[in-house]
Amino acid sequence: MKKKILVTGGTGFIGSHTTVELQAAGYEVVIIDNLSNSNADVVDGIEKISGVRPAFEKVDCCDLPALRGVFEKYPGIEGIIHFAASKAVGESVEKPLMYYENNIVSLINLLKLMPEYGVKGIIFSSSCTVYGQPDPENLPVTEQAPIKKAESPYGNTKQINEEIVQDYVKSGAPISAILLRYFNPIGSHPTAIIGELPNGVPANLIPYLTQTAIGIRPQLNVFGDDYDTPDGSCIRDFIYVVDLAKAHVCAMERIVNGQNTEPVEIYNVGTGNGVSVFELINTFEKCTGVKLNYKVAPRRAGDIEKVWGNVDKANKVLGWKAVHTLEDALSSAWKWQQELRKRGVM
Ligand code: WQD
């Protein structure tokens, strides 16, 4: 029988790609999502790609009775991947209580129900944001690097949630957990059937860039060219979302097969390579043949100058490695933007 996995936030960007990879690996997926930042049509897209329709329930993880109803309706869930969260850094500064409530209550509710329903483990979507700006000697940053005070309520919810998981497991709860610290996920499924669909004006680089390339935005602003980096622009570890999705499958295998050696394991999930904003723009122009209209603008408040991951632990222990190139990721993002135009979405 197929092992059953609950994916919260499964109609979102990373959740939908992960659902496809879980299905390909032989899992049965139950998606819950409150659709606050995604659309139920994504379930159709997942079915189109995998040939299997995942179960879907429109449920908010903050609603404990409704969440309990999901475990009742789908008995035998063995693992949870918890993506559902609010994730806009700027919005979190304006609406801190909304962020704390949504991101923290949802995790607590899941943790409460896990022992009751015999769920073995949970994978939590964390972020390299927990490292803040690592000291230069700590780059590429390892999982042991110090956690820095969060720059935003959003970042703080990631730190607090990591601690909640650790404290709960330490208390003797009969569950295990894997915290995956993502670097910068980009791109879309190679079929362009699912992808990243930001609400309104994108805050993140890739959707802003592809929307500029297609003419929705007149110009991309490069936030700062006077950083202490070789070309003056910021450096990030951009990871293709399909590679990132596969990391979740490896982590889930570890949990359901009881192969984890610690009750809470932490992994960086990135490529291990730092790429600057200018390098990324050049690569986009080269691999798509599209000339991008961009200009240098002032630095953006709160930006980290440079961060990229040491991913040795995920490579060795999870047996996972990012295999796609930046070109693959950027070409897929461009293909997706063109698909959105075809569908008349934007
Ligand atoms: C990348 C680089 C910008 C837009 C954020 C969150 C993080 C994570 C992913 C998720 C930076 C530059 C951007 C633009 C630009 N979590 N940029 N022009 O800030 O690294 O990470 O998203 O949900 O927690 O903090 O990603 O894509 O916003 O920026 O020059 O129009 O691109 O300055 O150097 P970031 P980003």
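The values are calculated or read from the model by the stated rules, or taken from the named source; none is laboratory data. Owing to the predicted nature of the structure, the values given are computational and were not obtained by experimental measurement. As a convention, Cβ positions derive from the backbone with ideal geometry for all residues, glycine included, and neighbour counts pool all protein chains shown. The accessibility values were calculated without ligands, DNA or RNA, using every heavy atom of the protein model including side chains. Shrake-Rupley method; radii C 1.70, N 1.55, O 1.52, S 1.80 Å.
Some values worked out for this structure:
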| item | result |
| --- | --- |
| Count of the stretch 272-294 residues which are touching an Asp or Glu at 6+ places or on another chain (Cβ under 8 Å) and within 14 Å of the ligand (Cβ to nearest atom) | 7 |
| Residue check, Ser152 within 30 Å of Leu330 (Cβ to Cβ) and open to solvent by less than 20 Å² (accessible area, probe 1.4 Å) | yes |
| Criterion: in contact (Cβ under 8 Å) with a residue 24 or more places away in the chain, more than 27 Å from Glu101 (Cα to Cα) and open to solvent by less than 10 Å² (accessible area, probe 1.4 Å) - qualifying residue of Val130, Val141 | Val141 |
| Any hit, the stretch 246-253, residues being open to solvent by 40 Å² or more (accessible area, probe 1.4 Å) and farther than 18 Å from Pro140 by Cβ | yes |
| Counted residues, the stretch 264-298 - those being small (Gly, Ala, Ser), more than 26 Å from Gly309 (Cα to Cα) and assigned to a strand (DSSP E or B) | 1 |
| Tally, over the stretch 187-224, of residues that are closer than 15 Å to Ala329 by Cβ, more than 16 Å from the chain's Cα centre (by Cα) and near the ligand (Cβ under 10 Å from one of its atoms) | 1 |
| Given (1) over 30 Å from Ile175 (Cα atoms); (2) open to solvent by 10 Å² or more (accessible area, probe 1.4 Å), number of the condition Asp237 does not satisfy | (2) |
